[in-house]
Amino acid sequence: MISTLKGIWTRYWGILILLAAWQFFVSINNINSIVAPSPQAVVLSLINNADYFAGEALRTTLTASGGLLLGLLLGIVIAALAWSTPTLSGLLMPMALLLRSIPIVAFVPIIVRIAGYGTHTVLIVTTVLSFFPCYVFALSGFQEVAQVRKDFCRSVGCKTVGWRFFRYVAMPTAVPNILTALRVLAPTALLVALVAEFLIGADGLGYVMLRARSDLEMDKSWAAALLASVLSVAFFALFSWFDKKYRSNWQA
Amino acid sequence: MTVAADLLKWLVGISTLMVFWEIAGRQAWLGGGLPPLSGVFAYAIEPRSTELLLRSAGITATNASYGFVIGSLIGTLIACSGQIWRPLKQGLDTLSTFVNAIPLIALGPLMIVTVGEQFTPMATAALAVFFAVFVATLGGFERVPNVHRDVTRAYGTAHWRALLLVQFPNALPSLIDGLKLGVSTAVLGAILGEWFGAPAGLGVLIVSSMQNFQINLLWSAAIIGTVMSAAAYFLLALLQARLLRRLGL
Amino acid sequence: MGDLENCVMSNTSHAQTLQAVAGKPREAESASITGPSEIALTNVSKTFALGKGQTLDAVSNVNLNIAGGEFIALIGASGCGKSTLLRMIAGLEDPSQGSITIAGQSPEDCIKRQKLGIAMQEHGLMPWLSAWDNVALPFRLAGLPVDTERVDELLALVGLADFAQALPKQLSGGMKQRVSIARALVLKPDVLILDEPFGALDAVTRRLMNNELQRIWSQQPTTTILVTHSVEEAVFLADRICLMSPRPGRLALIEEVELNRPRGLDTMHEPEFRQTLAKLTAALDDVCTQGSRQ
Ligand SMILES: Nc1ncnc2c1ncn2[C@@H]1O[C@H](COP(=O)(O)OP(=O)(O)O)[C@@H](O)[C@H]1O
Ligand SMILES: [Mg+2]
């Protein structure tokens, strides 16, 4: 009993202290709940509106996962094309590198202007966000086939450029890279979906935050933020677990 | 030879993108949302808009730089403190992961309460940078060869001295990687922070031009933000190459 | 320890299974029109450009005729061009000068007709595939229907029938090499090319593997070229041993091995074996010290 408590303390003392500081800050300054709600108020709001929050959280999660998946598919397909045609990869690489340093939030308003206000725009934003990292990771994965394996393939009469080589060797070789891309991107996709919802006013946790704030329901707004943070951590944990579980199968 | 080939690839790649953009803009493939590149350019070099853009970019750059410095200092210090006093490490890890997961837009309102509208962009930028640097530094510490640890232990070196002489130099390449990542994150954080009622900056410009259908201004601001973050990234990459060569890594 | 046990166990336990399969490949081979191919190397040289006008003569003027079904071992100091020569025979690299023919045709043709099997020091198995699927992979890569019986048969031949579904990471170093050799043999190649396949194994496992390879080879008459660092391995396995001298890599000595077949682990205790071994070791030392004096 005491040892489990101690374990929790060594692992989570940071978060516990953060919570305590929050509570302390709110009660000592006697702050108006419109400015900063207390932890209890936030948790209560979460519990009282559980259905509502669950629905909105599900919506955001689905949009984020959908965008992530679309970006992943697109990234893999274009990477495969680039792999088979070196000229194309030469043309795309500088762009991919340049676009990697794009501050994505600066482009959310532009995508909104082009695609309009709605959930589909949130989907497009997360797709665009996910595309380039997936492309870069997948392409370098395809190109990572070890020399011994290439030699072996050539020795049985399989060229190292064609479809068969891609299907049986290059594609599976890239799987760990793709898992890494997913792990890194998953929490970001969720947060960017949130930003987009917030800016567009599309349904989801981002919009809950926005509207609750303009209705001066700060406990609700903070509850949405807390929920989003927990979801993001969960996304990260899920994909890390996935990554860990399958990566070992790629070590000979 | 290969440098020339790389440069050529870049030139061809970028010009293809620009030509494609121009055509797409002229034909209005994406409606009014994507104006021709030449139009954006013509708009941006008008004296009045140039002045506005540069002033905003300057403010965002200042915000991002302060945020970058503060965030990387805090990130490095926290990662180091976990090395000096081991029991801290696990709790710091979870705390940082969680802090990173809190959406910046959720923190915006909190920042306004605590640091004020003026300093919110700096704070969000610092937060965004903090995590990138923290994670990279931790990763660097994990890569310290066991032999090195054993040596310091065998000599009974004090924790902080071992940190300074052995662990930190070993973690440096990884730390610099983190800084490189962090520099574009800083721009992103600053722009986002400016959305919450900051008086001026690229973020303000971007949101107001979105709402007022000033499409050329919107594109100019977004491009300047990109160029800024790309330039900072390459500057750091250059510095990294120099430094690593000096250190013989 | 587990590794050793496995080797010994499989040696005894699949002796019976071997007996059962033994007849089959022979029949198949005699039925097919192409037999083990003879290989002719004429004036083969390879020069690498090192950049800035510098070049390296990795292989120089090699002439060698290998009879169909012969087992050739290639020994020499590290870096003397053995792998380069082997890669040229396998059609993975073009000679700078001279020509190589396998059964009268170019190595590329040989590759196209799937008449070549290779296994290297790095096993190069696909880590995401089970042992069975790794052995079946050549069929898939060559665009042929997978002959499941043949795959089963080869896994049994290398003593890994019980490990068909294991991933490479679940196999020991010796087992991985055996899978790699099974994979090289699965398309019934006329030429088998082995580049230090047991180089990464410990001495005991290596001996057992040599014994296995000897047995497998005598089951299937395949022209085999083996590169090895171990003179003992070369003497034990080969009909002829070629000794390469370094920079430029040329054939310094070709030695016939007059040991009766079938050879077993006890062959290594015979006086002829020790004599040949001593003679070649001396020659190798000689060539190497000459090389270092240059
Ligand atoms: N692709 C290459 N480019 C340049 N030099 C090479 C290349 N491959 C091998 N060499 C050089 O050729 C020589 C012979 O190499 P190798 O055939 O691998 O030797 P071995 O297998 O006998 O150890 C070495 O000096 C090696 O550095
Ligand atoms: Mg070699």
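The values are calculated or read from the model by the stated rules, or taken from the named source; none is laboratory data. All figures in this text were calculated on a predicted structure; none of them were measured in a lab. Cβ atoms come from the backbone with ideal geometry, glycine included; neighbour counts cover every protein chain shown. SASA here: full protein model, heavy atoms, side chains in, ligands and nucleic acids out. Shrake-Rupley method; radii C 1.70, N 1.55, O 1.52, S 1.80 Å.
General remarks:
- With contacts taken as Cα pairs under 8 Å at a separation of at least 6 residues, the range B:103-192 carries a relative contact order of 48 percent.
- Gained length - A:Q143 relative to A:T180, 0.36 nm times residue gap less alpha-carbon distance: 11.7 nm
- Cα centre as origin, Lys/Arg/Asp/Glu Cβ charges: chain A dipole, Debye: 1060
- In percent, rounded to a whole number, the relative contact order of chain A is 26, using alpha-carbon pairs under 8 Å and six or more apart.
- Projecting the Cα atoms of C:I39, B:L181, C:Q105 onto the charge dipole of the protein assembly as shown, computed from C-beta unit charges around the Cα centre, puts B:L181 farthest toward the positive end.
- If you plug the beta carbon distance of B:A200 and A:D215 into 1/(1 + (r/R0)^6) with R0 = 35 Å, you get a FRET efficiency near 0.80.
- Shielding of B:87-99 by partner chains, average beta-carbon count, 10 Å: 5
- Placing B:L34, A:L18 in order of accessible area, with the largest value first and a 1.4 Å probe, yields A:L18, B:L34.
- Mean separation of Cα pairs under 8 Å and 6 or more residues apart, divided by the residue count, gives chain C a relative contact order of 25 percent.
- Here's the picture: charge each Lys and Arg Cβ at +1 and each Asp and Glu Cβ at -1 in chain A, and of A:Q251, A:A64, A:F236 the one pushed furthest to the positive end of that dipole is A:Q251.
- With a Förster radius of 60 Å applied to the C-beta separation of B:A42 and B:R149, the computed FRET efficiency comes to 0.50.
- In the range A:38-250, a dipole from Cβ-located charges (positive for Lys and Arg, negative for Asp and Glu) runs towards its positive end, and of A:P187, A:F198, A:W83 it is A:W83 whose Cα lies farthest in that direction.
- Contour excess over end-to-end distance, with Cα ends at B:H159 and B:F20 and 0.36 nm allotted per residue: 44.3 nm
- Under Karplus coefficients 6.51, -1.76 and 1.60, residue-wise ³J(HN,Hα) of the range C:178-183 in Hz, glycine/proline x: 5, 4, 4, 6, 4, 5
- Here C:K279 is the anchor, and the lysines within straight C-alpha reach of less than 24 Å, apart from those fewer than 8 places off in the same chain, are C:K82.
- The label point for B:V113 and the one for A:V230, both projected 7 Å from the Cα toward the Cβ, are 1.9 nm apart.
- Between B:Q211 and B:S81, the FRET efficiency from the beta-carbon distance, with R0 = 45 Å, is close to 0.55.
- For the range B:10-50, the residues whose amide N sits under 19 Å from a probe point set 7 Å from the Cα of B:L238 along the beta carbon direction are B:10-11.
- Interchain or long-range residues, amide H under 5 Å from C:D195's placed H: C:A119, C:M120, C:Q121, C:V227
- Dipole check for the protein assembly as shown: with +1 at the C-beta of Lys and Arg, -1 at the C-beta of Asp and Glu, and the Cα centre as origin, the magnitude is about 1240 Debye.
- Label-point gap, in nm, between C:S78 and C:A203 - each point 7 angstrom along Cα→Cβ: 1.8
- Rolling a 1.4 Å probe across all protein chains gives A:M171 an accessible area of roughly 70 Å².
- Once you reduce the range B:144-190 and the range B:19-72 to the center of their Cα atoms, the two points are 37 Å from each other.
- Ellipticity estimate at 222 nm from DSSP helix runs (n ≥ 4, -39,500 (n - 2.57)) divided over the protein assembly as shown, nearest 500: -22500 deg cm²/dmol
- Karplus-derived 3J(HN,Hα), 6.51/-1.76/1.60, for each residue of the range C:185-193, Hz, glycine and proline x: 9, 5, 8, 6, x, 8, 10, 10, 10
- Coil-residue chymotrypsin sites (Phe, Trp or Tyr not before Pro) of the range B:185-249, DSSP, other Cβ within 10 Å capped at 12: B:F213
- B:V227 paired with A:A237, simple spin-label distance in nm, labels 7 Å along Cα-to-beta-carbon: 4.5
- In order along the range B:104-118, phi translates into HN-Hα couplings of 4, 5, 6, 7, x, x, 4, 4, 4, 5, 8, 10, x, 4, 4 Hz, rounded to whole numbers, per the Karplus curve 6.51 cos²θ - 1.76 cosθ + 1.60 with θ = phi - 60° and x for Gly and Pro.
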